[in-house]
């Protein structure tokens, strides 16, 4: 039976780095909408457009993931899962399929995140977006860390 790993965390907290490590350690297949977006939409996406393209990529990734789940493969969803509602929607889908899931919350203090983003922007890897202070400030308030009534494993990435 497939297991689904959900990776939640703030911009720049280390979600994708952790997801790649999880992929290496478990053999699960990783889906990262950011990586898809960078290939599909190489132009700079405005802050206002970002969610539209991001969630389209999530929908496509989930449709492919469901096919792999039928083949009994484990899946990593590096979707960020920024809201309790968003996490709940995917957890409900997974439970309806009769599958196990594990939610990881990648915690990192904002000051550390800002320092890491600044360094990453200076030597931006091909699989990462350039994140300006303006973009961070635009998106950051929308992040809801998992609540105590959610089952998750905390990964402290301070």
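Some points to look at:
- Based on Cα contacts under 8 Å between residues 6+ apart, the chain shows a relative contact order of 41 percent.
- Volume per residue for the stretch 86-158 equals 126 cubic angstrom (convex hull of Cα atoms).
- Cα long-axis angle, helix 15-26 against the chain (0 to 90 degrees, to the nearest 10): 30
- Whole-angstrom gap from the stretch 97-111 to the stretch 1-67, using each part's C-alpha centre: 13
- Whole-Å semi-axes of the chain's equivalent ellipsoid (Cα gyration tensor): 25, 18, 15
- Per-peptide average of other Cβ atoms within 10 Å, ordering 124-137, 3-16, 48-61 highest first: 3-16, 48-61, 124-137
- Degrees between helix 110-122 axis and first principal axis of the chain (Cα, 0 to 90, nearest 10): 70
- Here the stretch 50-100 is described by how far its Cα atoms reach on the three principal axes: 32, 20, 14 Å, from widest to narrowest.
- Helix-only CD estimate at 222 nm, as mean residue ellipticity for the chain, using -39500 (n - 2.57) per DSSP H run (n ≥ 4): -15000 deg cm²/dmol
- The chain: angle of helix 84-96 to the longest principal axis, Cα-based, in degrees nearest 10: 20
Each reported figure results from applying straightforward, stated rules to the coordinates on display, with no laboratory input. Computed from a predicted model, the values in this text were never measured in an experiment. So basically every Cβ, Gly included, is an ideal-geometry build from the backbone, and we count neighbours across all protein chains shown.
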